[in-house]
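For reference, the structure discussed in these notes is given below.
The values are calculated or read from the model by the stated rules, or taken from the named source; none is laboratory data. Note that the structure is a prediction, hence the values are computed from the model and not measured. So basically every Cβ, Gly included, is an ideal-geometry build from the backbone, and we count neighbours across all protein chains shown. All accessible areas refer to the heavy atoms of the entire protein, side chains included, with ligands and DNA or RNA removed. Shrake-Rupley method; radii C 1.70, N 1.55, O 1.52, S 1.80 Å.
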There are 2 protein chains.
Amino acid sequence: MVWWGWGKEAPRPRLPEPATEFLTAQLELDGRVRPPVELEAVKLRAPRLAARVRDRLVAAVGGDGVRDDRRTRVLHAAGKSYPDLVRQRRGDCQQAPDVVVFPDSHAGIQAVLDACSAAGVAVVPFGGGTSVVGGVDPVRDRFDAVISLDLARLREVVEVDEPSLTAVLEPGLRGPEVEARLGARGLTLGHYPQSFEYATLGGFVATRSAGQASTGYGRIDELVLGLRCATPTGDLDLPPLPASAAGPQLRELVVGSEGTLGVITRAAVRARPAPGARRYEGWFFRSFVEGAEALRTLEQAGAAPDVARLSDESETALSLRLSGARGPALRLGALYLRARGYAGGCLAVAGWEGEPDEVARRRARGAALLRRAGGLSLGAAPGREWHRTRFSGPYLRDELLARGVLVETLETAAQWSQLMGVHQAVVHALDDALHTRGTPGLIGCHISHLYPSGASLYFTFLARQESGAELEQWRAAKRAAGAAIKAAGGTITHHHAVGSDHMEWMAAEVGATGLAVLRAAREELDPVGIMNPGKLLPGGV
Amino acid sequence: MVWWGWGKEAPRPRLPEPATEFLTAQLELDGRVRPPVELEAVKLRAPRLAARVRDRLVAAVGGDGVRDDRRTRVLHAAGKSYPDLVRQRRGDCQQAPDVVVFPDSHAGIQAVLDACSAAGVAVVPFGGGTSVVGGVDPVRDRFDAVISLDLARLREVVEVDEPSLTAVLEPGLRGPEVEARLGARGLTLGHYPQSFEYATLGGFVATRSAGQASTGYGRIDELVLGLRCATPTGDLDLPPLPASAAGPQLRELVVGSEGTLGVITRAAVRARPAPGARRYEGWFFRSFVEGAEALRTLEQAGAAPDVARLSDESETALSLRLSGARGPALRLGALYLRARGYAGGCLAVAGWEGEPDEVARRRARGAALLRRAGGLSLGAAPGREWHRTRFSGPYLRDELLARGVLVETLETAAQWSQLMGVHQAVVHALDDALHTRGTPGLIGCHISHLYPSGASLYFTFLARQESGAELEQWRAAKRAAGAAIKAAGGTITHHHAVGSDHMEWMAAEVGATGLAVLRAAREELDPVGIMNPGKLLPGGV
């Protein structure tokens, strides 16, 4: 992964030329390309870990597992949030960890936590480093030093239990590795967040993530059956029981704890037979309201596809523009939709996966319901196109940043009865905030996951960067959206987690008593407060 | 509810005469019937609540909400576990609560908790009082007084959100009331534990219960979306979000907390359209192993019925005997099964619910898979018979107790790969334990709930009571079964909860660190330790 953005240096998905032209005109960009600073120009503080602590870390993980070279420290200085990337591209890495530690076992992690608890050194667990909410940013808090604890060396498949369709996996396995290793046994986890190529299993669990097919396969919290978590005061070891009534479900305390309680060193997950067939297709609706009602009907009838996405009017138009369509193709498509009465409507993607006959049966039932609810089938091409480009977003974001674009996404979930209210409130809040900064934006939204009681909304917005005030501009928009979400009855995050960016809304999310309980759990497991400080829980330990 | 057993005095389901004869012979019973003592003969201590505390309780809930008459105290002196009933029938109610308090609002409950925290009075939340694990037994712990907090006056349907298919319910609503109130809106919760007729919504949530149709409708933890919990230090108020990645899921800390953290004063639950069709039928398998494999195949293919039960060989034979079949009918059935090659096999009940066409489609797919897996269809009669008698167990238990029978049930869940091992281990442990006491028993088991990764096992055992050592005999069998379950990889309880009876296994269930976290949460919410002491967490606060 490049230290200033997403993925490898090359080859990379790129914006088509017409898309760039469109954005340059719409957002009044200056056309300049701003590369990130050179690695050598990045500002870093000298590491300041005491020698005796470093010796203990070396004893815990071996000499080659403790690194403080420039590239390693810069790579671990941030995740991949918009503010992270703005700072990284500028070369502002003063918060880089003092060292990066690469343990290769549960015992090694325990030894690192022991050493850091004793010495008062902050520990930031690091999986794929793909957090978009500041979740892996090194925060020293009240400590003199901070280490990044990179789990890349823990990537074993510990066990596959075929009769039970479960697997025990180590946290450093990246998405594609999980699928390759399970795929060799004819199985799949089916967890495909946009960060899939780099994100890790441990990160999925620690951030309570959802993937693009989670409407069908379930969120990670529905896929994790057991886990082992090394904490500063001992191990939490929860076996993969199918269900239990033995008290509160402690697993749900670790899932989503974002490294603030300890380090997940293995997880037992539910696997499924790898799908023999995948069918993705495009549907069109006259309006977002009509499409949302169609998806609600499907979901509540138990007929939802595994992937279900519905763009609002604005995102539908924007996606078409950013896909590079122009001239005859664009006009032809628009003419067809207008002729059918769908001008200015909304694109949906529906995807079914599984055994071929079940896919055919489920797709037939789903299609009938979609049609009855007003949907117009566009065939497989839009589905294939979505599937082809489904991990491209973070690459294109780098290009947009280089062109001086503020680009951010945020997500929520709410009950069906409140969903359209949340949608409108957030669009208005973002629109107002960007106008107020003098940088009117493009704002789109899609429904990304369905539940019987509601759905998630995923917003994307683009605006011209306010040169010299990039972070203030971003914060103003983010704050406006967050306030609108909470006021309208949504959750502050459906699958990006809390990190540092959503911390200020945690009190609204779980209440003062809820925060107090989370803090009590943290104080029990991590009395010194070394685990990922400055994340999740406002006000520190 | 009668104070010495289950349900009303009359009419009651009764054991058929041939069943009584069979048990009398098999268990070497003496044929005597032992009625419970008269209410007036029950031993009670004088209430010892300080007058100033009583005044505060009266101020909190009104004078008619604070009761200490004999019948009320005796009714709240125990739940409905085997040891509870043995003690109640003997008239041993010395642990009865000093008073029983009936609040009618969230604010009233807060005021009661404030008063009891200040005065150091233990509080035992009481829903239907149907716990079979000692969950509502009044334990004074280190306090001078204990009250039972009966939630019978909180039984409003606060809200029904039809587009979202959710409802906000108060905790005192009993199972039939929940169904009647939702049914009037065309909805169902679909939660039918054997205690359905008396158990309450708050009790379902507090004990993390499962119902007979939970394979289809989901366990209560899958049906609860939000809740409000009054604790001694403040309210936990968690709105019904369809999903969230905002940190750990605090709802899962309250679900299953068994009144040790606070009192659930409302819950937002998922509802479904009331089913237009119900189809229950009987299937037969050559062996428990064959039947379990058939159910695993169905579940993992996403084709499980909503109700799925499979008795082992022993329970199948026992059920037939206890149903009262004898003579020609018994011989004819046995001849038919022998002719088909199923002699000595296992009975399964499969039930489908929902829209008629979906029931037909799902049933056809399920039946094809069951047949392919070796199942023999017995048609609708066995399914109807199971459905008719599905809440009878606790009534018949009273009759068995009167006849001097030790009768107990216990349940676990484990991964499919370990399920048959757990089954054998528990059967052997119970068999050994009962033989050792000189009271060889009848032991049966059925699979009661299916999950992709495993299933639950529900054991029933019967033996002649050891006169004068009824509780020691019970404890020996229970301990042997619990040890076998934990050693073989099962959970100590799948849906009966922990109460006091399973407390000794909590350390094995969640580990020392897990217990420490649960205690920390409890200390945060209930620093004085008044909430349901002596339950769930061994060693008290």
For segment A:2-47, what does the alpha-carbon gyration tensor say about shape, rounded, prolate or oblate, given a ≥ b ≥ c as the root eigenvalues, a/c under 1.5 as rounded, and a/b over b/c as prolate?
oblate
Calculated P(r) tail over 36 Å for chain B, as whole % of Cα pairs:
32 percent
In the protein assembly as shown, what is the volume of the convex hull around the alpha carbon atoms, normalised per residue and reported in Å³?
164 Å³
Nearest to the axis that maps chain B onto chain A: list the chain B residue whose Cβ wins, with the distance in whole angstrom.
B:E252, 2
Lys and Arg at +1, Asp and Glu at -1: neighbours of B:G262 with Cβ under 14 Å from its Cβ sum to -2
With +1 on the Cβ of every Lys and Arg and -1 on the Cβ of every Asp and Glu, the dipole magnitude of the protein assembly as shown about its Cα centre, in debye rounded to the nearest 20, is 1680 debye
Give, ordered by residue number, each residue of segment A:155-199 whose 1.4 Å probe accessible area is reduced by a minimum of 10 Å² on adding the remaining protein chains to the chain alone.
A:D161, A:P163, A:S164, A:L165, A:T166
With loop defined by DSSP as not H, G, I, E or B, and exposure as at most 13 other Cβ atoms within 10 Å, which is the longest segment of chain A clear of exposed GluC sites (Glu not before Pro)?
A:39-541
Looking only at chain A, where both bridge partners belong to it, what percent of the DSSP beta bridges are antiparallel (to the nearest 5)?
85 percent
In terms of the Cα gyration tensor, with a ≥ b ≥ c the square roots of its eigenvalues, is segment B:418-517 rounded because a/c is under 1.5, prolate because a/b exceeds b/c, or oblate?
oblate
Counting only protein heavy atoms and a 1.4 Å probe, tell me what percentage of the protein assembly as shown's accessible area is made up of carbon and sulfur.
51 percent
For segment B:219-285 versus segment A:295-316, the gap between their alpha-carbon centres in whole angstrom
25 Å
If the chain between A:E162 and A:L29 were fully stretched, how many nm would it gain, using 0.36 nm times the residue separation less the Cα-Cα distance?
42.4 nm
Summing both sides, how much accessible area is buried between B and A? Use a 1.4 Å probe and give Å² to the nearest 100.
5300 Å²
Fraction of beta bridges assigned by DSSP in the protein assembly as shown that are antiparallel (%, nearest 5)
85 percent
Shielding by partners, peptide A:442-454 (average Cβ within 10 angstrom, other chains):
3
With a ≥ b ≥ c from the Cα gyration tensor eigenvalues, square-rooted, and the rule rounded for a/c under 1.5, otherwise prolate when a/b > b/c and oblate otherwise, segment B:467-535 is oblate
Inter-copy distances for B:P527, nm, shortest first, label points 7 Å along Cα→Cβ, are 1.8
Using modelled amide H (1.01 Å from N, peptide plane; none on Pro or chain starts), what sits under 5 Å from the amide H of A:L187, excluding residues fewer than 5 places away?
A:A274
Taking each residue of A:504-510 in turn, how many C-beta atoms of other protein chains fall within 10 Å of its C-beta, and what is the average?
3
In the protein assembly as shown, what is the count of Lys pairs whose alpha carbons are under 20 Å apart, counting only pairs at least 8 residues apart or on separate chains?
14
Taking a virtual spin label 7 Å from the Cα of A:D144 along the C-beta vector, which residues in segment A:43-64 bring their backbone nitrogen under 20 Å of it?
A:45-60
Dividing the helical contributions, -39500 (n - 2.57) per DSSP H run of n ≥ 4, by the residues of chain A yields a 222 nm value, nearest 500 deg cm²/dmol, of -11500 deg cm²/dmol
For segment B:320-412, the charge dipole (Cβ of Lys, Arg +1; Cβ of Asp, Glu -1; about the Cα centre) points to a positive end, and the Cα of B:A368, B:G324, B:W352 closest to that extreme belongs to B:A368
Measuring nothing but label to label, 7 Å from Cα along Cα→Cβ, what are B:E17's distances to the other copies in nm, shortest first?
9.8
Inter-copy separations for A:S377, label at 7 Å along Cα-Cβ, nm, ascending:
3.1
Between the residues A:S500, A:L310, A:G183, the Cα farthest towards the positive end of the dipole of chain A, that dipole coming from +1 and -1 charges on the beta-carbon of Lys, Arg, Asp and Glu, is from A:L310
Where the protein assembly as shown is the region considered: accessible area per residue in Å², 1.4 Å probe:
34 Å²
For segment A:85-129 and segment A:1-79, compute the distance between their C-alpha centroids and round to whole Å.
15 Å
